[in-house]
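Structure, as C-alpha cells:
No lab work stands behind these numbers, since they all come straight from the coordinates. Because the structure is a prediction, the values reported are computed rather than measured. In this analysis, Cβ positions are derived from the backbone assuming ideal geometry, glycine residues included, and neighbour counts consider all displayed protein chains.
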Amino acid sequence: MTTHDTFTTPPGPLREAHAHIAAHGRAMGMLDLSDCPSRGALLERVSMAAPHTRPPAWVLGVGLRPQGWDDPRWPTRDELDGAAGATPCCLLSFDYHAVAANSAALRASGFDDDSPDPAGGVICRDSAGRPNGHLLERAAKIAWEAAPEPTPAQWKDHVRRALADLASHGFTQVHDLLSQDWLGPMVAELDDAGELPVEVWLYPPMDRLEAVHAGSGAWRRDRVRLAGGKCFADGTLNSKTAWTLHPFANPMPDHPRGVPLLSAGDLAQAIARTRALGLGLAVHAIGDAAVRAVLDSWEVARGPAWGGAGVPPLRIEHCELIDAADVARFAALGVVCSVQPCHLLADIEVLGREFPQRLHRVLPLRELAAAGCLPGELMWFGSDVPIVRPHPADSVLAAVRRRRAAMSDDQAISPSQALSEGESWRAFRPARGRAG
Ligand SMILES: [Zn+2]
C-alpha cells in the first residue's frame, strides 16, 4: 500500500506552509531518480536523457538514494561518463546533501584530481586517491551550482509548473520560505494574467528583506503577499549541524551539539527589523537548542501583535526536536510551530542512530496540541518541497502513524505523540478557509 492510498485528502482549502516554489518547478523538469531500483536502472535513465540534453545544459537528476538499493554503492564518475559522455551530469541525493558527478561536471565545478576538499565539504576518492564523483555537503553544493542558471523565462515556466502541481494536490495557499527577489513580481504577473492557481505568501531571506519590501508596492496583491523574512538558527539533522541540547551520538568533530547559526543579538535584531516593517519572521530551527534560543529571544523582544491579517509575527520552521520545557511556550508566546511531519518518514534512521535517548522529543505534536498549540491555528503542516514530495497525505501518515507506510508499529517513533487524522488535516487548513 502506498502512503497516499492510506489517507485521502478531504475537500476544502489546504495550506502548504513550507515550500520552495521555484526550486520545486525546476526539480520537476529534472530526471526523477527516486524510483530507480538499482544503479543499472539509474545509469540507463541517464544514458537515455544525455542525447536530448543540448549544451550548455547539464543532465541533472534529483532523488538519488543508493541507500535503498540491494547494492548501495554510489555510481562512480566513470560509470556516469559511460552513460552521459562529455555532457556534464550531476545527480542530487534525496536529502540535498550529496551529489554524484561525472568528469565533465567535476571539471566545470573546478575540481581536478589534486583539488583539496573545500571547507565544509568532502570530495570522495577511490583507492588511488582520484575523485570518484561522490561529493558531500559544500563540495556537492559547488557542483550543483556550477550547472547553468535557468533564464528568467525558464524560471517562469518552473514557477508556473510548481504552482500547478501544488494546486493539483489540493493546496489553495502556498508559503515560499526563501523567496528570490524576482519571485514576487513574477507571481504577480501570473495573477494579473489570471494564471495564478493558489494564493502565495513570500518570505525572502532577512538580508534582502528591506530591499524586497521597498519594491513590493508594485507587486503585492490580495493573493500575492509579502509575509515576512526568513533566517536560519541552525543546520540539519542529516548533516549533524542541527543545534541540539544533547550531543549527537556520532557527532562532527568539534561540533558535538551541531552548529548555532544565529546569536541572541542576531535574533533580537531580526525581530526588530521585521517589526519595523510590520512583517512576520520565519526562523529555521531543527534542533531543540535552536528552538529554545528562538523562543528565548522572542520572550524578551516580543511586543504588541503586528503582522498583516493572518500573518503570524513569529513562526519557527521544522522544530524536529523540542525539549519538554519548551512545549507550552509556543501557545503561551503565540508562536507558530511550522512542522513537516513527512520528514520523519526519511529521518527515522538518522534519529534512531543519533538520538536514541531523545526519540520522545521528536515532533511532540500530541504534547503541543495539549498545551494549546492547536493544529491549523498555531501548528501548521507543510512539506519543504522539493526536499521531499509535497503530497499532504505523507505528513498525515507521519503524524498519525509516526512511521513509514511499510513499517510495523513497533518501528514507530514515539507513537504517543501522534495526532488523529482529523487533527492532522486541520494543520493543513488555512485560517481563512476555516472562517469561510
Ligand atoms: Zn525549506
- Provide the per-residue ³J(HN,Hα) series for the stretch 56-67, in order, calculated from phi with Karplus coefficients 6.51, -1.76, 1.60 and θ = phi - 60°, each as a whole number of Hz, with x at glycine and proline positions. x, 5, 9, 7, 10, x, 10, x, 5, 8, x, 3
- At R0 = 45 Å, FRET efficiency that the Cβ-Cβ distance of residue 192 and residue 145 yields, to 0.05: 0.90
- Note on the structure: Length-normalised contact order of the chain, Cα under 8 Å, at least 6 apart, in percent, tallies to 16 percent
- Residues with amide H under 5 Å of residue 374's amide H, sequence separation 5 or more or different chain, H placed in the peptide plane at 1.01 Å from N; which? 379
- Item | Gap separating the Cα centres of the stretch 282-353 and the stretch 380-436, nearest whole Å | 17 Å
- Task: Please build a GNM for the chain, connecting alpha carbons under 10 Å apart, and tell me which residue among 296, 222, 384 fluctuates the most.
- Result: 222
- In a GNM of the chain with a 10 Å cut-off on Cα contacts, which of 364, 415, 253 has the highest mean-square fluctuation? 253
- Task: Quote the FRET efficiency, to the nearest 0.05, computed for residue 324 versus residue 266 with a Förster distance R0 of 22 Å and r equal to the Cβ-Cβ distance.
- Result: 0.25
- Note on the structure: Expressed in nanometres to one decimal, the distance between label points 7 Å along Cα→Cβ at residue 374 and residue 167 is 3.2 nm
- Query: With charges set only on the Cβ (+1 for Lys and Arg, -1 for Asp and Glu), what does the dipole of the stretch 63-175 come to about its Cα centre, in debye to the nearest 20?
  - Reply: 380 debye
- Does anyone have the angle between helix 264-277 and the longest principal axis of the chain? Alpha-carbon axes, 0 to 90°, nearest 10? 70 degrees
- What relative contact order, as a whole-number percentage, does the stretch 58-146 give when Cα pairs under 8 Å and 6 or more residues apart are counted? 28 percent
- Note on the structure: Here, residue 411 and residue 107, labelled 7 Å along Cα→Cβ, have an inter-label distance in nm of 4.4 nm
- Which residue, 202, 397, 245, has the most motion in a Gaussian network model of the chain that connects Cα atoms within less than 10 Å? 245
- Convert each backbone phi in the stretch 209-217 into a coupling constant with the Karplus relation 6.51 cos²θ - 1.76 cosθ + 1.60 (shift: θ = phi - 60°), then list the ³J(HN,Hα) values in order as whole Hz, x for Gly and Pro. 4, 4, 5, 5, 4, 4, x, 7, x
- Could you size up the charge dipole of the stretch 134-257 around its Cα centre, putting +1 on the beta carbon of Lys and Arg and -1 on that of Asp and Glu, and report it in debye to the nearest 20? 280 debye
- Item | Relative packing of peptides 178-191, 205-218 - highest average C-beta neighbours within 10 Å first | 178-191, 205-218
- Cβ-based net charge around residue 27, under 11 Å, with every Lys or Arg adding one and every Asp or Glu removing one: +1
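Which of the chymotrypsin sites (Phe, Trp or Tyr not before Pro) found in the stretch 1-81 are loop residues per DSSP with 15 or fewer other Cβ atoms within 10 Å of their Cβ? Intermediate values should be presented prior to the final figure.
On the way: sites: 7, 58, 69; in loops: 7, 58, 69.
Answer by residue number: there is no such site.
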- Message: Quick query: amide H of residue 284 versus all other amide H atoms, modeled in the peptide plane; which residues come in under 5 Å with a sequence gap of 5 or more or a different chain?
- Response: 231, 232, 233, 317
- Message: Can you work out the Karplus-derived ³J(HN,Hα) for every residue in the stretch 155-167? Use 6.51 cos²θ - 1.76 cosθ + 1.60 with θ = phi - 60°, whole Hz, and x for glycine or proline.
- Response: 4, 5, 4, 4, 5, 4, 5, 5, 5, 5, 5, 5, 4
- Query: Roughly what % of DSSP beta bridges within the stretch 283-415 run antiparallel, to the nearest 5?
  - Reply: 10 percent
- Task: Note down the net charge around residue 274, summing +1 for each Lys or Arg and -1 for each Asp or Glu among other residues with Cβ under 12 Å from its Cβ.
- Result: +4
- Note on the structure: Inter-part gap, Cα centre of the stretch 73-148 to Cα centre of the stretch 13-32, in whole angstrom, is 25 Å
- Task: Using DSSP, restrict attention to beta bridges with both residues in the chain and report what percent are antiparallel, rounded to the nearest 5.
- Result: 25 percent
- Note on the structure: Full extension between residue 138 and residue 35 adds, at 0.36 nm per residue less the Cα distance, a length in nm of 34.5 nm
- Task: May I ask you to compute the full-extension gain from residue 126 to residue 431, defined as 0.36 nm times their residue separation minus their alpha-carbon distance, rounded to one decimal in nm?
- Result: 104.4 nm
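Would you mind putting 167-173, 283-289 in packing order, based on average other-beta-carbon counts within 10 Å, highest first?
Listed from highest to lowest mean packing, they are 283-289, 167-173.
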